[in-house]
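Novice: For reference, the structure I am asking about is given below.
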Amino acid sequence: MIQLIRGFKDILPEESALWQHIENTARALFEDFGFREIHPPVLEKTELFKRSIGEDTDIVEKEMYTFADRNGDLITLRPEATASVVRSYIQHKMYAVDPIRKMYTIGPMFRRERPQKGRYRQFYQINAEVFGEASPYIDAQLIFMLVTLFSKLGVMDINAHINSLGCPECRPDFRKALSELLISRKEQLCEDCIRRSERNPLRVLDCKVPACREAVSEAPSIMDFLCPDCARHFDTVQAMLVKQGVRFELDKRLVRGLDYYTRTTFELQTGALGAQSAVAGGGRYDGLVKALGGPAHPAIGFAIGFDRLVEIVSQSQENLEKKPVIFIAALGEEGIQNGYIWANELCLAGVPTEADFSGKSLKSLMKRADRMGALFVLMVGESELKEGRVVLRDMKTKEQHAFPVDKLTETITNFLNR
Ligand code: AMP
């Protein structure tokens, strides 16, 4: 038997109700905040991700699914969504009428990471991005919206970590100071971090290797390097979060994996997931639109790990799997024909209905109805039909009601709404 590829998984029908519930909650909330959905493709030119995420990142260095197309072009299954949304913003000149655009997108991402619980090679993200607005109020609002989504979903065990990465004005001084410290501690660092300490020292701050963590424990704080504009920006973000009761902690190690972040960065972490504690992350990327060939418009966004959010919500949510309201147990040819028509009518009337056309015995149909968790069974037998009636059985109370076949769909709908 052919099995699925390692690191990939099926989202099964019995899990889907929860995914839909989360997706619907996110959609409704984001739309209320003025976000509109965008669907970029899952395949893009490799160059897009190299230029936006950065050559020196884990994703680009070792995790991308990159292929040569039949004509030799290098294409990549998207490892994240922001680059595509930025490309689309530029390509369609979405800034032409009003530079401020708020968009969200939900879909699969692909990274060839080492598979483990909570880490897949195809995983899903819920992304939101705001373009064309540099105000710190947007940062605060985006974090507020993100945290609100979690509380709407009943997720309480959540910590917001925030940091500022400064801007091209002030970050170089911090980078230099950090790089100097790291080079002086070279013998302590892992192989990746030795390389990063010169090329991308900020990345060493979030290395998980204990010796590297130890080496950066005395690292300078970016807070001491922020220029007045960045400091003011970050102060306002924090003040607005405090004002609205969003609890957070300052985390000067939070640099996130991608190169394009500037100023505010944030991550939501939870204790509910074991080792993979990050459930959402994001930040400002004020230079990216320009770097990808667009106007110098600022932007900010976040990505929620959909699979991880499902895992957390499933720990407290009762089973949302949908069950039929009516199960039609159709008996005999005439019963099946009538049952078929009524099943379609009831489905169209918005009553979830399952009909069995197999012609099996009433006993085995009742068993199936029970297994499916149907609330009522409509018994459509030939002898009852001859008398112009059918019987509806309440599977919980075992009560039975006889209804005339004339206008049956209407009668049942009224009965259910009584
Ligand atoms: P990132 O784009 O790396 O900032 O990731 C944003 C969120 O996506 C993370 O906080 C995780 O919740 C989730 N995520 C990232 N990589 C994976 C993966 N391989 N499997 C499942 N979820 C992931």
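Novice: Which condition does residue 41 not pass, out of (1) over 19 Å from the mean Cα position of the chain (by Cα); (2) more than 16 Å from the ligand (Cβ to nearest atom), if it passes all the others?
Specialist: (1)
Novice: If you don't mind, another one. Which one of these is within 30 Å of the chain's Cα centre (by Cα) and either part of a strand (DSSP E or B) or over 30 Å from residue 17 (Cβ atoms) (or both): 162, 183, 194, 143? Please lay out each step first, then the result.
Specialist: Values: 183 fails: within 30 Å of the chain's Cα centre (by Cα); 194 fails: within 30 Å of the chain's Cα centre (by Cα); 143 fails: either part of a strand (DSSP E or B) or over 30 Å from residue 17 (Cβ atoms) (or both).
Exactly one of 162, 183, 194, 143 is within 30 Å of the chain's Cα centre (by Cα) and either part of a strand (DSSP E or B) or over 30 Å from residue 17 (Cβ atoms) (or both), namely 162.
Novice: Related question: Within the stretch 237-260, track down each residue that is more than 10 Å from the ligand (Cβ to nearest atom) and assigned to a loop (DSSP other than H, G, I, E, B).
Specialist: Selection gives 244, 245, 246, 247, 251, 252, 253, 254, 255, 259, 260.
Novice: Still on this structure, please answer the following. Go through 167, 212, 190 for me and flag whichever is in contact with a helix residue (DSSP H, G or I) (Cβ under 7 Å, 6 or more places away or on another chain) and under 28 Å from residue 81 (Cα atoms).
Specialist: After applying the criteria, what remains is 167.
Novice: Filter the stretch 111-133 for residues that are in a strand (DSSP E or B), touching a Lys or Arg at 6+ places or on another chain (Cβ under 7 Å) and within 9 Å of the ligand (Cβ to nearest atom) and give the result.
Specialist: Going residue by residue through the stretch 111-133, those that are in a strand (DSSP E or B) are 116, 119, 122-131.
Okay, now just the ones that are also touching a Lys or Arg at 6+ places or on another chain (Cβ under 7 Å), so 130-131.
Across the stretch 111-133, there are no qualifying residues.
Novice: Pairs please, first residue from the stretch 320-342 and assigned by TED's automatic domain parsing to the domain that holds residue 407 and in a helix (DSSP H, G or I), second anywhere and surrounded by fewer than 20 Cβ atoms within 10 Å (Cβ to Cβ) and among the β-branched types (Val, Ile, Thr), Cβ atoms under 7 Å, 6+ apart in sequence or on different chains.
Specialist: 342/409
Novice: What is the number of the single condition among (1) away from the ligand (no atom under 16 Å from the Cβ); (2) in contact with a strand residue (DSSP E or B) (Cβ under 9 Å, 6 or more places away or on another chain); (3) among the basic types (Lys, Arg); (4) not in a strand (DSSP E or B) that residue 93 does not meet?
Specialist: (2)
Novice: Run residue 84 past the list (1) hydroxyl-bearing (Ser, Thr, Tyr); (2) modelled with pLDDT of 95 or more; (3) under 28 Å from residue 229 (Cα atoms) and report the number of the one that doesn't hold.
Specialist: Failing condition for residue 84: (3).
Novice: Among the residues of the stretch 391-418, which ones are among the β-branched types (Val, Ile, Thr), surrounded by 11 or more Cβ atoms within 10 Å (Cβ to Cβ) and more than 11 Å from residue 326 (Cβ to Cβ)?
Specialist: Listed by number, the residues that qualify are 391, 405, 411.
Novice: Checking the conditions here, which among 84, 88, 164 is away from the ligand (no atom under 14 Å from the Cβ), crowded, with 20+ Cβ neighbours inside 10 Å, touching a residue at least 24 places away in the same chain (Cβ under 8 Å) and polar (S, T, N, Q)? Show your work before the answer.
Specialist: Numbers: 84 fails: away from the ligand (no atom under 14 Å from the Cβ); 88 fails: crowded, with 20+ Cβ neighbours inside 10 Å.
After applying the criteria, what remains is 164.
Novice: If you don't mind, there's one more thing I want to ask. Among (1) assigned to a loop (DSSP other than H, G, I, E, B); (2) within 24 Å of residue 82 (Cα to Cα), there is one condition residue 273 misses while meeting the rest; what is its number?
Specialist: Going through the list (1) assigned to a loop (DSSP other than H, G, I, E, B); (2) within 24 Å of residue 82 (Cα to Cα), residue 273 breaks only (2).
Novice: Only one residue in 44, 31, 37 is assigned by TED's automatic domain parsing to the domain that holds residue 80 and free of Cβ contacts under 8 Å to residues at least 12 places away in the same chain. Which one?
Specialist: Going through 44, 31, 37 in turn, the sole match is 31.
Novice: Is one or more of the residues making up the stretch 125-137 polar (S, T, N, Q) and surrounded by 21 or more Cβ atoms within 10 Å (Cβ to Cβ)?
Specialist: Of all residues in the stretch 125-137, those polar (S, T, N, Q) come to 125, 127, 135.
So of that shortlist, the ones also surrounded by 21 or more Cβ atoms within 10 Å (Cβ to Cβ) come out as 125, 127.
Scanning the stretch 125-137 turns up at least one residue that is polar (S, T, N, Q) and surrounded by 21 or more Cβ atoms within 10 Å (Cβ to Cβ).
Novice: I'd like the full set of residues that are under 12 Å from residue 146 (Cα atoms) and crowded, with 23+ Cβ neighbours inside 10 Å, limited to the stretch 259-280. Before you say what the answer is, go through the steps one by one.
Specialist: So in the stretch 259-280, the residues under 12 Å from residue 146 (Cα atoms) come out as 266-268, 279-280.
Listed by number, the residues that qualify are 266, 268, 279, 280.
Each row is one residue, and each column tells you yes or no for (1) assigned to a loop (DSSP other than H, G, I, E, B); (2) surrounded by fewer than 20 Cβ atoms within 10 Å (Cβ to Cβ).
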{"position": "14", "(1), (2)": "no, yes"}
{"position": "26", "(1), (2)": "no, no"}
{"position": "41", "(1), (2)": "yes, yes"}
{"position": "56", "(1), (2)": "yes, yes"}
{"position": "61", "(1), (2)": "no, yes"}
{"position": "72", "(1), (2)": "yes, yes"}
{"position": "79", "(1), (2)": "yes, no"}
{"position": "103", "(1), (2)": "no, no"}
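Novice: Let me ask another. Taking only the stretch 302-349 into account, find how many residues are surrounded by 18 or more Cβ atoms within 10 Å (Cβ to Cβ) and either aromatic (Phe, Trp, Tyr) or within 30 Å of residue 116 (Cβ to Cβ) (or both).
Specialist: The total comes to 14.
Novice: Within the stretch 197-216, take every residue that is closer than 23 Å to residue 167 by Cα and in a loop (DSSP other than H, G, I, E, B) and give me the one that is nearest to the chain's Cα centre (by Cα).
Specialist: 207
Novice: Further, regarding this structure: Give the number of residues within the stretch 347-362 that are within 34 Å of the chain's Cα centre (by Cα) and not in a strand (DSSP E or B).
Specialist: Narrowing the stretch 347-362 to residues within 34 Å of the chain's Cα centre (by Cα): 347-354.
If we keep only those that are not in a strand (DSSP E or B) too, we end up with 347-352.
Qualifying residue count, the stretch 347-362: 6.
Novice: Residue 320 - would you say it is at pLDDT below 95 and either more than 19 Å from residue 405 (Cα to Cα) or within 34 Å of the chain's Cα centre (by Cα) (or both)?
Specialist: yes
Novice: Counting only residues that are of a type in the set (A, V, I, L, M, F, W, C) and in contact with a Gly (Cβ under 8 Å, 6 or more places away or on another chain), which one in the stretch 56-81 is farthest from the ligand (Cβ to nearest atom)? Full working, then the answer.
Specialist: Start the filter on the stretch 56-81 by keeping residues that are of a type in the set (A, V, I, L, M, F, W, C), which leaves 59-60, 64, 67-68, 74-75, 77, 81.
Keeping just the survivors that are in contact with a Gly (Cβ under 8 Å, 6 or more places away or on another chain) gives 59-60, 81.
Working: 59: 8, 60: 12, 81: 8 Å.
Checking each candidate, the answer is 60.
The values are calculated or read from the model by the stated rules, or taken from the named source; none is laboratory data. Small disclaimer: the values here were computed from a predicted structure and weren't measured. Reconstructed Cβ throughout: ideal geometry from the backbone, glycine too, with neighbour counts over all protein chains shown.
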